[in-house]
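Below you'll find the structure, written out as structure tokens, and then a few comments.
Every read-out reported here was derived from the displayed coordinates using simple, explicitly stated rules and does not represent laboratory data. What you are looking at is a predicted structure, and each value in this text was computed from that prediction instead of being measured. As a convention, Cβ positions derive from the backbone with ideal geometry for all residues, glycine included, and neighbour counts pool all protein chains shown.
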Amino acid sequence: MRLTTLGTGTISLSAERVCAGHLVEAGAVRLLFDCGGGVAHRLAQHGLPWREITHVAFTHFHTDHVADFATLAFAWKYGDRPGRSLPLTVIGPEGTTALLGKFGDAFGEWFRNPGYVITVLEIAPGQTLDLGDGVVLGATKVPHTAESVAYSLSRGGRRIVYSGDTGYDPMFGEWARGADVLLCECSLPTEVSIPEHLTPEQCGALAAAALPKHLVLTHFYPSVERIDVRALVAAHYAGPISLASDGSTFEIEEG
Ligand SMILES: [Zn+2]
Ligand SMILES: [Zn+2]
């Protein structure tokens, strides 16, 4: 499996980091976790197969996680001739069908009937979905917005866990236990922390419980970039830590 962190920033607009979005390529599955502003162009910038994305999975409905889905859908429809024919599956928590309906209300016919089949699957916390070719997606509830979920994606005995946006919850650390890659938000320093996001110390505490083979941090607000994130996390967790950039790739050898 290969993970590419396309958007490692937030809605705090940055020249280096666009909003949240991460591509996992696993066998025949090309799944985009979140699609915030800037992610569609990042796919092209890094030469990734944006035309052949098979699944999009939203963690929650904040703009910095969903807004570029409209860009991508418009690109699939009109960015090439002929437009997309490959079916698409959109996955998200309860409310995803309604969200896409509102996009359809805003953008009209080309969005509602794009010329390819869109399957929308609302995933409940605790549920798993078989995405085909040995890929299984799981979800768990996390404390951020009412609908927010985190995801796991497994194939060939390997597991990637993506926190989405979350506050601190030890249950998430338990759920993520043994992940090969834990892609975890790391939004704010302790001095300006809020219950809906994680600090580096909290990322370290979650990683100490989850013991991932590799902790990859993302979703950095500018204030957290001014402190020594790595040292604060390492005080709790001794394993490998990466601070992802837009375009970082992580290879996960399947067993
Ligand atoms: Zn966010
Ligand atoms: Zn959010």
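Backbone geometry of region 32-48 corresponds, through the Karplus equation with coefficients 6.51, -1.76 and 1.60 at θ = phi - 60°, to 3J(HN,Hα) couplings of 9, 7, 6, 8, x, x, x, 5, 4, 5, 4, 4, 5, 4, 9, x, 8 Hz, x marking Gly and Pro.
Hydrodynamic radius of region 5-150 by the Kirkwood approach over all distinct alpha-carbon pairs: 15.5 Å. The simple spin-label model puts a point 7 Å past each Cα toward its Cβ; for residue 249 and residue 71 those points are separated by 2.1 nm. Distance from the Cα centre of region 111-131 to that of region 188-231, in angstrom? Cα centroid of region 111-131 versus Cα centroid of region 188-231: 31 Å apart.
Could you work out how much longer the chain between residue 105 and residue 122 gets when fully extended? Use 0.36 nm per residue separation minus the Cα distance between them, nm to one decimal. Each step should come with its number before you reach the end.
Values: separation 17, 0.36 × 17 = 6.12 nm, distance 1.96 nm.
Separation in residues times 0.36 nm, less the Cα-Cα distance, equals 4.2 nm.
Measuring nothing but how far apart in sequence close Cα pairs (under 8 Å, 6+ apart) lie, relative to its length, the chain scores a relative contact order of 18 percent.
For residue 112 and residue 235, a Förster radius of 45 Å and the Cβ-Cβ distance give a FRET efficiency of 0.35, rounded to the nearest 0.05. Close amide-amide hydrogen proximity is noted between residue 127 and 139, each under 5 Å apart and 5 or more residues distant or on a separate chain (H modeled in the peptide plane; Pro and chain starts excluded). When every Cα-Cα distance of region 114-233 is counted in 5 angstrom steps from zero, the calculated P(r) takes the values 2, 12, 21, 22, 17, 12, 7, 5, 2, 1, 0 percent. Compared with the alpha-carbon gap, the fully stretched path from residue 228 to residue 192 is longer by 11.4 nm at 0.36 nm per residue.
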